1. Using only alpha-carbon positions, what ratio does the radius of gyration of region A:2-107 give when scaled by 2.2 N^0.38 Å?
2. Find the Rg to Rh ratio for region A:1-346, where Rh is the Kirkwood radius over alpha-carbon pairs and Rg uses the same atoms.
3. Going by C-beta contacts inside 10 Å, put B:309, B:29 in order with the fewest on the left.
4. Give the calculated FRET efficiency between residue A:148 and residue B:344 to the nearest 0.05, with a Förster radius of 56 Å applied to their Cβ-Cβ distance.
5. Smallest Cβ-to-axis distance in chain A, for the rotation taking A to B: which residue, how many Å?
6. Quick one: angle between helix B:56-69 and the longest Cα principal axis of chain B, in degrees between 0 and 90, rounded to 10, please.
7. Comparing A:84, A:31, A:70, which has the greatest mean-square fluctuation in the GNM of chain A with Cα pairs linked when under 10 Å apart?
8. How large is the helix-only mean residue ellipticity at 222 nm for chain A, computed as the sum of -39500 (n - 2.57) over DSSP H runs with n ≥ 4, divided by its residue count, in deg cm²/dmol to the nearest 500?
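What follows draws every value from the coordinates through simple rules; no lab data is involved. The structure presented is a predicted model; accordingly, all values stated were derived computationally and were not measured. Positions of Cβ are backbone-derived with ideal geometry, glycine not excepted, and every protein chain shown enters the neighbour counts.
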């Protein structure tokens with residue numbers, strides 16, 4: 001049993017964990033471990049948004065950025081997924097991760113110009129970029145099994161052994177190294193920057209991002225049916241609630257996305273990614289909102305009936321970003337897209 | 001909105017609340033407020049234990065202690081309830097509360113002699129006394145409505161306005177004033193003291209007691225049916241789990257008791273009272289054990305379908321006691337009675 005906070009990030013605490021030192025979680029979980037010289041990472045979501053089921057321009061742009069991803073200074077890992085948003089638009093998300101900030105900076109300028117720059121202005125298709133670059137102290141991961149990394153964990157040197165800080169409410173916060181000394185509270189006001197047809201948003205310090213995924217590709221017929229029939233509908237209802245009605249409880253945006261393979265075909269993986277005013281707002285929803293209490297109940301029932309034989313894989317990554325660690329830019333997107341919700345719409349005249 | 005911790009008990013924190021200052025609970029709750037000159041209280045459970053549905057000796061003893069309760073220096077409030085324990089014995093609990101410690105001390109010696117002293121030794125009926133005297137810093141209360149006090153709250157000067165620290169996991173701890181500076185962790189080893197036919201137990205510092213009650217006497221027909229059909233069976237299953245299988249998760253004893261009126265007739269009130277190794281163990285059960293997750297889910301569904309029109313009343317009191325604030329004595333009781341579970345049975349030869 002080890003702490004989720006790696007040795008080199010431990011500091012003298014001014015704030016306490018929620019569980020006593022002798023706490024023993026009832027089942028194992030694991031976290032990603034970076035090399036100690038990794039100071040921070042970049043998490044970059046490139047989105048394209050269009051009406052209907054396909055768009056030749058979107059397809060072209062997606063092919064182009066896939067080429068950029070494998071170019072010099074490109075991300076260490078990326079994946080792609082899609083969802084339909086609350087306004088009925090299809091959104092395809094390409095999520096890319098770097099642990100070399102300088103490489104990202106060199107790579108990003110031309111990629112940005114290609115994605116949200118003049119060539120795509122007025123094209124009738126929306127493009128957006130949502131980037132945060134949290135320090136390693138400001139995010140955490142959690143995996144139900146240690147042998148298949150997803151998301152930012154693919155960049156890591158490996159997985160931990162069984163960690164202590166999980167399976168209780170507050171474990172998410174306790175796994176973030178910065179929680180040793182910070183309340184992780186939001187500070188500042190969201191700002192909209194209008195730059196021709198582009199809309200940029202600077203939200204505020206300690207903006208919170210969660211990506212929470214599931215992978216049922218290893219399940220056998222009976223377990224797959226149990227996941228798809230008993231758990232997934234409850235999960236989807238919770239995700240739909242956050243997407244459509246999350247604003248009053250502090251969720252700026254939620255996307256429940258189906259992961260696609262490199263060739264665009266469907267996989268048996270999905271994730272929800274959502275932007276929150278604060279870690280506290282995410283905690284409150286997870287702990288007490290009926291929509292997540294039902295998800296939690298369905299997952300508990302599923303996992304307790306299957307026990308260690310469950311082949312469903314679960315993971316998440318939760319990050320906090322300062323205002324100066326954020327880049328959010330929207331071109332031709334509808335006004336309820338992503339962090340535009342943090343600045344009350346910001347209708348794009350080019351949309 | 002006010003803090004559950006009254007002004008005169010606020011201290012410079014070395015430990016933090018779980019919620020930010022701006023946290024707004026989704027529904028109102030209230031806490032008992034003592035006069036500021038009340039330093040601590042006494043919570044005393046007098047139990048009688050017998051096989052079957054009635055015992056003339058128990059009836060006689062219950063009548064006698066009811067007389068003592070109204071004598072000089074007697075408790076400010078008491079009530080009576082009964083339950084069947086895991087060994088199949090009927091137990092009748094008379095719970096008495098004082099906020100004048102000196103009065104309790106004067107009252108207690110002869111009452112103890114009458115209850116667990118020689119007159120009852122070898123009588124074929126078990127008697128026990130379970131007393132804690134927590135400082136006001138070491139316990140908290142919570143009420144769903146402010147207009148009907150129960151338990152220790154009957155001693156209070158009144159109820160608070162709406163308090164902030166509730167409706168999230170960790171609120172219980174955050175309402176205890178001592179949590180501002182203490183982790184409330186248990187210390188020490190339980191000791192058994194054999195005194196002739198009497199068995200006394202000193203458990204350890206920060207032993208935890210919860211009394212958690214429900215009152216459906218104001219509900220109309222439809223709401224009563226919903227409580228009795230949908231909520232109570234789930235509550236009972238959780239209570240039975242704690243009674244029968246609670247030891248490995250840190251619950252020394254649980255009694256799910258039906259409150260009786262002064263004349264011994266049934267009421268529409270019940271409470272669970274349980275002894276825990278620590279507040280943390282109680283937190284873990286409440287937050288994540290399937291038996292309480294189901295109780296929480298049933299209660300959430302009930303309250304969210306009824307909304308503010310719900311007439312069901314809920315309350316609890318949660319206390320921590322140092323070893324020197326405890327008195328637990330058993331005469332003629334079976335070895336799984338109450339805190340005897342903290343010292344591995346301690347079979348009473350007189351039982």
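1. Dividing the Cα Rg of region A:2-107 by 2.2 N^0.38 Å gives 1.53.
2. Working: Rg = 19.4 Å, Rh = 20.6 Å.
Value, to two decimals: 0.94.
3. B:309, B:29
4. Taking R0 as 56 Å, the efficiency between residue A:148 and residue B:344 is 0.80.
5. Value returned for chain A: A:169, 2.
6. For helix B:56-69, the angle is close to 60 degrees.
7. So, out of A:84, A:31, A:70, the one fluctuating most is A:70.
8. -7000 deg cm²/dmol
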